[in-house]
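Reading through the structure tokens given below for one structure.
The values are calculated or read from the model by the stated rules, or taken from the named source; none is laboratory data. Bear in mind the structure is a predicted one, so any value in this text is a computation, not a measurement. Here the Cβ positions follow ideal geometry from the backbone for every residue, glycine too, while neighbour counts run over all protein chains shown.
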Amino acid sequence: MAEGKWYAIQTYSGHENKVQRLIQRRIDDETGEPEEKQIQEVQVPTQEVVELRNGKRVNVTRRLYPGYCLVKMVYNQRNAHLINNIQGVIKFLGTGAEPHPLQDDELAKIFGGPGLTPEADVRPAEQIPFTIGQIVEVVEGPFNEFSGTVQEIYSDKGKVKVEVSLFGRPTTIDLDYTQLKGY
């Protein structure tokens, strides 16, 4: 039996999980061992990020590629027809009559490792909504209601270095990004 390769499928935006469920149902309905199946696996690449909502940090799952699903399968006309006729699927990604499978370096970028299987991130990435040079106002802590300019951003720690004017002198302070409000 030929080894399955990863292919990208374009879907309607917002229908990725629905398409994933429908393809997974087709995989489950197919008889035989998992290694012998023509369509082997389906993934919607996601990433855990930390967002700020109402002053609180919230872990959110974001799609890396909105509007796309990945399918590991043996490509032939029968399987292409099965996938293309699933509700929500637009087409296989690629040029020409047959789509090109994803390359190993692309898969490593998507799944986050040298292997072809997804790995869970230990810590989600911080999504800090400020840019260097942006004017911000401190809304919490001892420097409440001070205005300053963002000098550096430490996204791994969730901290921002802000320069404020204290007694007429510029002073830099490290603050949590939840203590700031941007203009």
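Which residues, taken from region 123-145, are in a loop (DSSP other than H, G, I, E, B) and over 21 Å from the mean Cα position of the chain (by Cα)?
First, the residues of region 123-145 that are in a loop (DSSP other than H, G, I, E, B): 123-124, 127-134, 139-145.
If the condition is that a residue be in a loop (DSSP other than H, G, I, E, B) and over 21 Å from the mean Cα position of the chain (by Cα), then 132, 133, 134, 139, 140, 141, 142, 143, 144, 145 are the ones that fit.
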message: Out of everything in region 166-176 that is part of a strand (DSSP E or B) and of a type in the set (A, V, I, L, M, F, W, C), what residue ends up being nearest to residue 56 (Cα to Cα)?
response: 175
message: If I ask for residues that are more than 21 Å from the chain's Cα centre (by Cα), part of a loop (DSSP other than H, G, I, E, B), on the phi < 0 side of the Ramachandran plot and surrounded by fewer than 16 Cβ atoms within 10 Å (Cβ to Cβ), which ones from region 2-43 would you list?
response: 2, 3, 30, 31, 33, 34, 35, 36
field: Tally of residues being among the β-branched types (Val, Ile, Thr) and in a loop (DSSP other than H, G, I, E, B) across region 44-65
entry: 1
statement: Reported set for region 44-73 where residues are surrounded by fewer than 17 Cβ atoms within 10 Å (Cβ to Cβ), among the charged types (D, E, K, R) and touching a residue at least 60 places away in the same chain (Cβ under 8 Å) is 48, 51, 56, 57
message: Restricting to region 146-165, and then to whatever is exposed (fewer than 13 other Cβ atoms within 10 Å of the Cβ) and in a strand (DSSP E or B), can you tell me which residue is modelled with the highest pLDDT?
response: 152
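Give me the residue from region 75-98 that is hydrophobic (A, V, I, L, M, F, W, C) and touching a residue at least 12 places away in the same chain (Cβ under 8 Å) and, out of that set, surrounded by the most Cβ atoms within 10 Å (Cβ to Cβ).
Going through region 75-98, the residues hydrophobic (A, V, I, L, M, F, W, C) turn out to be 80, 82-83, 86, 89-90, 92-93, 97.
This time we only want the ones that are touching a residue at least 12 places away in the same chain (Cβ under 8 Å), so: 80, 82-83, 86, 89-90, 92-93.
Details: 80: 17, 82: 17, 83: 23, 86: 17, 89: 20, 90: 15, 92: 17, 93: 16.
My answer is 83.
Considering only region 66-90, how many residues are touching a helix residue (DSSP H, G or I) at 6+ places or on another chain (Cβ under 8 Å), of a type outside the set (A, V, I, L, M) and on the phi < 0 side of the Ramachandran plot? Let's see the steps before the verdict.
Of all residues in region 66-90, those touching a helix residue (DSSP H, G or I) at 6+ places or on another chain (Cβ under 8 Å) come to 66-71, 73, 82-83, 86-89.
Cutting the leftovers down to of a type outside the set (A, V, I, L, M) gives us 66-69, 87-88.
With on the phi < 0 side of the Ramachandran plot added as a condition, the list becomes 66, 68-69, 87.
Total meeting the criteria: 4.
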- request: Would you tally the residues in region 101-120 being more than 20 Å from residue 9 (Cβ to Cβ), surrounded by 11 or more Cβ atoms within 10 Å (Cβ to Cβ) and at pLDDT below 50?
  value: 1
- prompt: Any chance region 68-75 includes a residue that's under 18 Å from residue 9 (Cα atoms), out of contact with any Leu (no Cβ under 9 Å at 6 or more places or on another chain) and at pLDDT below 85?
  reply: no
